[in-house]
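Here the structure is laid out as structure tokens; the discussion comes afterwards.
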Amino acid sequence: MTDFDVERARSETPGCAEVVHLNNAGSSLPPARVTDTVVDYLRREALIGGYEQAAATLEGHEAVYASAARLVGAGPDDIALTDNATRSWQAVFYALPFTAGDRILTSKSEYASNVISFLQTAKRTGAVVEVVDDDESGQLDVEDLKRRIDGDVKLIAVSHVPTQGGLVNPAEEIGAVARAAGVPFLLDACQSAGQIDLDVARLNCDALSVTGRKYLRGPRGTGFLYVHPRLRERVEPAMLDLHSATWSAPESYEVDPTAKMFEVWERDHAATHGLGAAIDYALEWGMPAIEARVAALAAKLRDTLREIPGVRVHDQGTRQCGIVTFSVAKTPSEEVKRHLSAAKINTSVAHATSAQFDFTARGLPEMVRSSVHYFNTEDEIALLTGEIEKLA
């Protein structure tokens, strides 16, 4: 197991004293400083007024852009602050023009919200959604992606870490194919930000969407979006307001040239400051150290689960992450989750409606999803597997 100050991480996470939290891919436990940042902001806002508190903390608000940029290796002008990863992703996707015959390439493990948007756009415009094959490991097959590239491909959109299956898609290789072909690459980093060291230059993505509540350990209702200048120059957001654009004359407007073109004026300022605190906290630990710790814990969990008769681990991919999915032969996954909840162990259940392509292709059952973070321990893994043994 990697060298990591787990005792410090747990002492700074009050929830660790209450539950065994293995639902970090759903919504992680925040460190105390994140909660304190949000609550302190709200208390001050209640005393002096919302606009006045925003003005008084403008420097801190602007610092959130710099922190998010540092997390993904970008510049502050490349960052838009949003209220979740889906809104971030949608802001870019619905800005892209599609016509009949245009092709959207995606992965077999793609998430429901993204695919629903693909299908809606295909229905409206006549665009075509194509699912790239998996390779023998279960990740997106980059060679098949290359074979599909032609002048009709207008977007490659992939989830870096799917909501199910434990794999990490080969985003760097996908990005290299997209750049060589001049095709926009939209990367959903909802599940990877906060557990994997991200660098948008290495990833070669044109846009990357992030949520705050998952592995970043920030407040719910927060997120951010990275958009490269080359894409900002090509598109205009589907929706604008007086923040993303300026009403420059009675019959004209000017769109903000930075990624703020994808923002709206109103937001939860307290939560935004909390997001900044969460990002800074992750950066203090260092993303390489977090990634190594999470991967080691997940590998330990997979190995232990595989030793239990009647338990099947469903994770795929050459590279795997902190999400571990499994099923118990004798017990439906929802019942497993209820049993674990009664033991104060938090997990979730992955359903077919979240990833129809993958569930259908692999004939998957509903799966228990246990997602570890750096503050979890081997003792907590033993508690989980001990409860599973009772059901197997």
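Readers should treat all values here as calculations from the given coordinates under stated rules, not as data from a laboratory. Quick caveat, the model's predicted, so the values are computed rather than measured. Virtual Cβ from ideal backbone geometry, glycine too; neighbours counted across all protein chains shown.
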Next item on the list: Under a cut-off of 21 Å between alpha-carbon atoms, report the lysines in cross-link reach of Lys344, not counting same-chain residues fewer than 8 places apart.
Entry: Lys214, Lys300, Lys390
Next item on the list: Measure off 7 Å from each Cα along the Cα-to-Cβ vector at Glu7 and His243, then give the distance between these two points in nanometres to one decimal.
Entry: 4.4
Check: Roughly what % antiparallel, to the nearest 5, for the DSSP beta bridges in the chain?
Finding: 55
Check: Quick one: Kirkwood hydrodynamic radius for segment 35-284, alpha-carbon pairs, angstrom, one decimal?
Finding: 18.7
Item checked: Peptides 89-97, 251-259 ordered by average Cβ neighbours within 10 Å, highest first -> 89-97, 251-259
Margin query: Can you give the FRET efficiency to the nearest 0.05 for Glu251 and Arg124, using r as the Cβ-Cβ distance and R₀ = 25 Å?
Written below: 0.30
Next item on the list: Apply 1/(1 + (r/R0)^6) to the Cβ-Cβ distance of Arg338 and Glu136, taking R0 = 51 Å, and write down the FRET efficiency to the nearest 0.05.
Entry: 0.90
Notebook entry, point to check: If you add up the charges near Asp77, with Lys and Arg at +1 and Asp and Glu at -1, over every other residue whose beta carbon is less than 11 angstrom from its beta carbon, what do you get?
Noted result: 0
Next item on the list: Using a Förster distance of 51 angstrom, determine the FRET efficiency expected from the C-beta separation of Ala329 and Ala181, and round it to 0.05.
Entry: 0.70
Checklist line | Stretchable slack from Leu58 to Glu236, in nm (0.36 nm times residue separation minus alpha-carbon distance) | finding: 61.4 nm
